[in-house]
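We did not get these values from a lab; they are worked out from the coordinates using the rules stated. The structure presented is a predicted model; accordingly, all values stated were derived computationally and were not measured. Note: ideal-geometry Cβ built from the backbone for every residue, glycine included; neighbour counts use all protein chains shown.
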């Protein structure tokens, strides 16, 4: 759990901040707000009630200290936009209306800093006036062009450095000189240069951070990794032997913490527009109901809650259902399409009763362990805190495994009655700490063994081994591929600060595009609610490793050409677009240019045969790409479908007719002629419901409806003129 924090942003809103300088296409204030909005929205996205914030405007048109202190001389043109509190989306939208350049340059930045210190001091005090445990921070963004009264700087600095409640000061200057980044503003005004020097000296005296806005904004694109406080998944003893039965056992008090955790993108929540509903309704008669919950504080939305009700058939009133409590139900498990009931008493018999434990069951040589076996993420097993005996014992065990080049296998149960798992314990020794790294091992039931043919030879039925075959790589191809792989080596392609070779895409420099891109868009949309605005492109650091570097590809061009030549790579003729299978003459034309059908004397029209319905229909479509021939084939199978339905004894022929309908639907869709099938299925529905196919054949319509063989809509075929709504209504009788 993250600690408490209180942050106050001091934003310079003077008239000078509304100007564009140094070739930028945005004002200094808009440029500065990129940093401010990113910091605020990142904090809001956490949803932490202990993350408090406030924003103070300096050099504003109005003066409003919001009761923090008396509005005395020197505190004019300062505005407190909110008390120190948890910010929500509504606060961001309200703040956007006020962070605009003012029409004055009057206002003292030092006085605004004094107000910020007073606000943080008041918000982080306990009931008896004692400071609470908070991370206090003041972030200042200014161009340094205003007037400053420096008489109280020493007193403010002593308050900031108070050991009982220290405050971190971060100052970001617009176009401030920075030796680290090599930026120096030419022809700088003397008042600004003096203010820069004064502010830099003050921040260094407070042990704060002084930097330029340009560097801070460049660092915004680098994703910030979330550090979480580790939570132990096991606290107990690591044992060798059974301490309850034997005295000659080894027992070490240990704790288990996760080494890595999977970072997932934020999930979407469901909300509905607020209405005048008078409270939450009671239990619903439906199996699951959606109920409007408490109002959401960020906007005019209400949270959505789900209510689940269990129902069974009512034996007293056939055809109705009654609600039952979950306690009255018993568990059942699917076996195919059947529910297998297992009573609670039977479950207790087969359920394994376990107690929390971590016991060693064996050892394995490190060189004999297969690296593909681990199933889970890794964890650290460390000695119990402040237990020197456990630290010494575990250290001895870790060193023993390391020197013997062995891994340990342990049986672990983290909670009572939880199924046991097998862990592999690997020794890890660093300069300042030692631990066991564990990963879960599979049981025999978890193993899936598949056999594949060898890649370097072929085995005939008679047992002969063939090493030269068209499907096997030649020696020249293997050498060419080896050279190409060596040429694309990334392990030495990168360069460090001194120009020395290093790994190109290191793990710590590669970020998850999914996680950080979604967070980036959420923060951006929070401050840009207009749906007409185009979403910005992802930061370059997220796409940097999505493709091989261009320089490396250019260097490996020679090896790639040799590989293409050795592999005899040929360009595949492009596929015909826009007409599906209709362009048979272009699609099936062989590279030799010969028309095989014409040489073999194959007919251009194929008759639809009753006893060979589906194959003959497909042959008829493949014989010609003429629309008239396709319509003739469709009419032929449609006639046979009607004949099957009319002559069916009961539903004996319905499945054959349904299969023919399915094939006709798929083929017409692939040929991009869905209207032919749609016309057929409309007429067939009318004939069935009107009883024109030799009596009542409504069961056939229910089969068509249940199989979803209705109209082909625009979602299934782009050339269809049937909408999804029309296709849905088609199933209504």
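For residue 161 and residue 392, FRET efficiency with R0 = 56 Å and r from the beta-carbon atoms, rounded to 0.05?
The value I calculate is 0.85.
Work the Kirkwood hydrodynamic radius out for the stretch 65-119: mean of 1/r over every pair of different alpha-carbon atoms, inverted, in Å.
Radius from the Kirkwood sum: 12.6 Å.
Relative to the longest principal axis of the C-alpha atoms of the chain, give the angle of the C-alpha long axis of helix 109-123, reported between 0 and 90° and rounded to the nearest 10°.
With rounding to tens, the tilt is 70 degrees.
Need the full-extension length gain, residue 451 to residue 308, defined as separation in residues times 0.36 nm minus the C-alpha distance. One decimal, nm.
Once the chain is fully extended between residue 451 and residue 308, it gains 46.8 nm.
With labels modelled as points extended 7 Å from the Cα through the Cβ direction, what inter-label distance (nm, one decimal) is found for residue 639 paired with residue 652?
With each label point 7 Å from Cα toward Cβ, the separation is 2.4 nm.
Any chance you could give the angle, 0 to 90 degrees and rounded to 10, that helix 513-527 forms with the longest Cα principal axis of the chain?
Here the helix axis deviates by roughly 60 degrees.
Return the inverse of the average 1/r over all pairs of distinct C-alpha atoms in the stretch 5-220, which is the Kirkwood hydrodynamic radius, in Å to one decimal.
The answer is 17.5 Å.
Pull up the DSSP beta bridges for the chain and report the antiparallel fraction as a percent, rounded to 5.
70
By counting other Cβ atoms within 10 Å of each Cβ, how are 667, 194, 227 ranked from fewest to most?
In order of increasing Cβ crowding within 10 Å: 227, 194, 667.
Using only the Cα atoms of the stretch 439-509, build the gyration tensor, take square roots of its eigenvalues as a ≥ b ≥ c, and label the shape rounded, prolate or oblate: rounded if a/c is under 1.5, else prolate if a/b is larger than b/c, else oblate.
oblate
What distance in nm lies between label points placed 7 Å from Cα along the C-beta direction at residue 42 and residue 481?
4.5
Please work out how much length the chain gains when fully extended from residue 345 to residue 376, using 0.36 nm per residue of separation minus the C-alpha to C-alpha distance, in nm with one decimal.
So the extension gain works out to 7.9 nm.
Could you work out the mean projected area of the convex hull around the alpha carbons of the stretch 308-353, in square nanometres to one decimal?
Computing the convex hull of the Cα atoms and averaging its projections yields 5.0 nm².
Please report 305, 371 as a ranked list, fewest other C-beta atoms within 10 angstrom at the top and most at the bottom.
Placing the least packed residue first, the sequence is 371, 305.
In whole percent, what relative contact order does the chain give with Cα contacts below 8 Å and a gap of six or more residues?
It comes to 7 percent, rounded to a whole number.
What's the exposure ranking of 271, 397, going from fewest to most Cβ atoms within 10 Å?
Exposure proxy ranking, most exposed first: 271, 397.
Once fully extended, how much extra length lies between residue 418 and residue 244, figured as 0.36 nm per residue of separation less the alpha-carbon to alpha-carbon distance?
60.6 nm
What is the angle, in °, between the Cα long axis of helix 674-689 and the longest principal axis of the Cα atoms in the chain? Nearest 10 is fine, range 0 to 90.
Helix 674-689 sits roughly 70 degrees off the main axis of the chain.
Quick one: if the Förster radius is 22 Å, what FRET efficiency do residue 496 and residue 221 give, using the C-beta to C-beta distance and rounding to 0.05?
About 0.60, to the nearest 0.05.
Once the mean 1/r over all distinct Cα pairs of the stretch 341-446 is inverted, what Kirkwood radius in angstroms do you read off?
About 15.6 Å, per the Kirkwood formula over Cα pairs.
Can you give the log10 of the normalised intensity I(q)/I(0) at q = 0.11, 0.13 Å⁻¹, computed with Debye over equal Cα scatterers of the stretch 231-446?
Rounded to two decimals, the profile gives -0.82, -0.92.
Under a point spin-label approximation (7 Å from Cα along Cα-to-Cβ), what is the residue 63-residue 403 distance to one decimal in nm?
7.7
Once you treat every alpha carbon in the stretch 89-140 as an equal point and sum by Debye, what is log10 I(q)/I(0) at q = 0.19, 0.26, 0.31, 0.32 Å⁻¹?
For the requested q values the scattering log ratios are -0.90, -1.04, -1.09, -1.11.
What's the FRET efficiency of residue 612 with residue 333 using the Cβ-Cβ distance as r and R₀ = 35 Å, to the nearest 0.05?
Efficiency computed from Cβ-Cβ geometry: 0.20.
Would you kindly calculate the translational diffusion coefficient of the chain, applying Stokes-Einstein with the Kirkwood radius from alpha carbon pairs, for 10 °C and a viscosity of 1.306 mPa s, and quote it in µm² s⁻¹ without decimals?
Roughly 45 µm²/s, to the nearest whole number.
How large is log10 of I(q)/I(0) for the stretch 584-730 at q = 0.11 Å⁻¹ when the intensity is taken from the Debye formula with one equal scatterer per alpha-carbon?
After summing over all Cα pairs, the log10 values are -0.46.
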